[in-house]
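The values are calculated or read from the model by the stated rules, or taken from the named source; none is laboratory data. None of the values given here were measured: they were computed from a predicted structure. Note that we place each Cβ from the backbone using ideal geometry, even for glycine, and neighbour counts take in every protein chain shown.
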Amino acid sequence: MRAARQQIESFTKLVDPKQTLNVVDADPDVNRIVECAVEAGSQFIVTHDSDLLRMTRYEGIEIMKVGAIPTTLGGRTDRGRLLRLVFQIRAMVSRVFL
């Protein structure tokens, strides 16, 4: 577990959102995820959360299921874009759960 965490941390950055959002009244954790995405300058939020998926976009951030990633990346594997996407996900998870 520690090795995996260190590997992820080697190409990610922890964000501390400066603003508080209330985009989903029923689920405060969703709001924290959106706050992190905004702070990180994310292009995407990848999730299975139904509240987030209903939004589809927030301030230019596309919200999608993991299965949509290849289509979003033009049907090809682009390591740089995938790493940035993982960075954004890691930033959001860190803010909410760590």
Identify the single condition in (1) at pLDDT 85 or above; (2) of a type outside the set (Val, Ile, Thr); (3) in a loop (DSSP other than H, G, I, E, B) that ASP51 does not satisfy, given that it satisfies every other one. (3)
Scanning segment 1-28 residue by residue, those assigned to a helix (DSSP H, G or I) and at pLDDT 85 or above turn out to be PRO28
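Of the residues ARG76, ARG95, which is charged (D, E, K, R), closer than 20 Å to SER10 by Cβ and either modelled with pLDDT under 65 or within 15 Å of the chain's Cα centre (by Cα) (or both)?
The conditions single out ARG95.
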